[in-house]
Amino acid sequence: MPNIVLFSGSSHQDLSQKVAERLGLELGKVVTKKFSNQETSVEIGESVRGEDVYIVQSGCGEINDNLMELLIMINACKIASSSRVTAVIPCFPYARQDKKDKRPTPTNSHAEANAYSRAPISAKLVANMLSVAGADHIITMDLHASQIQGFFDIPVDNLYAEPAVLQWIRENIPEWKNCIIVSPDAGGAKRVTSIADRLNVEFALIHKERKKANEVDRMVLVGDVKDRVAILVDDMADTCGTICHAADKLLSAGATKVYAILTHGIFSGPAISRINNAAFEAVVVTNTIPQEDKMKHCSKIQVIDISMILAEAIRRTHNGESVSYLFSHVPL
């Protein structure tokens with residue numbers, strides 16, 4: 001492909017390299033470093049004048065540093081006269097801060113109720129920052145909330161891991177025809193119904209009530225999982241309190257086995273120890289976030305490679321083709 005340059009940020013260089021190999025490209029030369037005062041420095045090591053530039057940087061690890069690095073790389077390419085700059089962000093940072101969803105309750109004090117009205121919408125701020133830096137296009141995967149696309153005034157392609165998830169289920173769960181797809185919260189109902197329809201199986205969901213962020217108070221199962229393989233599906237897992245509680249709930253309700261399939265495996269804090277102690281057959285994640293270190297400490301974690309989806313999206317975007325094919329198919 002002529003007139004295309006692919007750069008990698010420092011957050012997930014292994015994924016960037018896989019994408020480059022699938023496209024038959026060499027990663028562009030870029031040097032990122034920090035000054036002694038911790039400011040980020042980026043040096044683009046080749047000409048990008050008139051080129052179609054793609055920068056792969058996932059929202060993981062040192063999220064704030066990696067986000068700043070991405071903004072600087074976008075701006076550096078833009079002011080170096082690139083024709084277009086596309087930010088490829090497999091895991092979108094701050095995606096969970098997408099709305100003012102904190103509401104006062106009768107038990108809240110007046111001060112707490114007022115504080116709820118000042119909750120930020122940080123995902124919108126990140127969208128503004130990317131646009132101001134000079135991004136012309138965003139490619140991401142399984143946004144936590146689809147309305148984030150509306151935060152941008154530039155094109156956003158939100159890819160889905162669903163085709164790869166369906167393929168993994170059919171190839172790795174022998175009893176998949178007797179499975180039930182379960183959402184660990186009401187917000188994921190649309191996601192699980194889509195997968196259940198494609199597999200021609202039933203679905204269930206768990207209604208959860210939180211005391212506070214990352215802490216679930218109570219769970220109620222809606223659906224019948226007795227004598228079935230339960231497959232929990234969600235877009236991300238952070239401390240894994242929700243999915244581990246959900247697994248216990250499903251087993252107590254009569255499920256024979258429990259799998260978890262997640263697009264973004266953040267796995268912070270006590271997540272790994274919780275997974276190790278939970279009754280999962282496997283916890284399956286994509287490689288939008290590096291998982292090598294986590295897999296060393298947890299044998300239950302398995303990874304679906306989505307580099308082929310990102311690579312095909314880049315190829316189609318560069319050639320001016322539709323990417324909608326990728327919503328239902330895994331490219332070869």
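The values are calculated or read from the model by the stated rules, or taken from the named source; none is laboratory data. Only a predicted model underlies this, so the values are computations on that prediction, with no experimental measurement involved. For neighbour counting, all protein chains shown are included, and Cβ atoms are generated from backbone atoms with ideal geometry for every residue, glycine included. Accessible surface is based on the protein model in full, side chains and every heavy atom, while ligands, DNA and RNA are left aside. Shrake-Rupley method; radii C 1.70, N 1.55, O 1.52, S 1.80 Å.
In table form, for the structure just shown:
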| quantity | calculated |
| --- | --- |
| Value of [θ]222 nm, deg cm²/dmol, for the chain, DSSP H segments ≥ 4, -39500 (n - 2.57) each, nearest 500 | -9500 deg cm²/dmol |
| For the chain, average projected area of the Cα convex hull in nm² | 18.4 |
| Choice from SER16, SER36, SER131 showing the highest fluctuation, given a GNM over the chain with Cα pairs closer than 10 Å | SER36 |
| Solvent-accessible heavy-atom area per residue, rounded to whole Å², over region 182-332 at 1.4 Å | 44 |
| DSSP beta bridges in region 120-236 [antiparallel fraction, %, rounded to 5] | 35 |
| MET141 long-range amide H proximity, modeled H, under 5 Å | PHE92, LEU159 |
| Choice from LEU23, LEU310, LEU70 with maximal GNM fluctuation in the chain (Cα, 10 Å cutoff) | LEU23 |
| Residues with amide H under 5 Å from that of GLN97, placed H, sequence gap 5 or more | ALA123 |
| Difference of contour (0.36 nm per residue) and Cα-Cα distance, ASN3 to LEU251 | 83.9 nm |
| Residue pairs, from the table LYS249/LYS300; LYS33/LYS296; LYS208/LYS257; LYS34/LYS78; LYS100/LYS294; LYS190/LYS249, whose Cα atoms sit over 23 Å apart | LYS33/LYS296; LYS100/LYS294 |
| Rh by Kirkwood over Cα pairs, then Stokes-Einstein D for region 222-302 at 1.002 mPa s and 20 °C, µm²/s | 170 |
| Whole-percent carbon and sulfur share, accessible surface of the chain, 1.4 Å | 49 |
| Among PHE267, PHE35, PHE203: highest mean-square fluctuation, GNM of the chain, C-alpha pairs under 10 Å | PHE35 |
| Region 241-281 and region 153-181: distance between their alpha carbon centers, rounded to Å | 18 |
| Integer Hz, Karplus 6.51/-1.76/1.60 couplings in order for region 73-87, x for Gly and Pro | 5, 4, 5, 4, 5, 5, 7, 8, 6, 5, 6, 7, 10, 10, 8 |
| Net charge of Cβ neighbours under 10 Å - reference THR286; Lys, Arg +1; Asp, Glu -1 | -2 |
| Proximal charge balance of VAL19 [Cβ under 11 Å; K/R count +1, D/E count -1] | -1 |
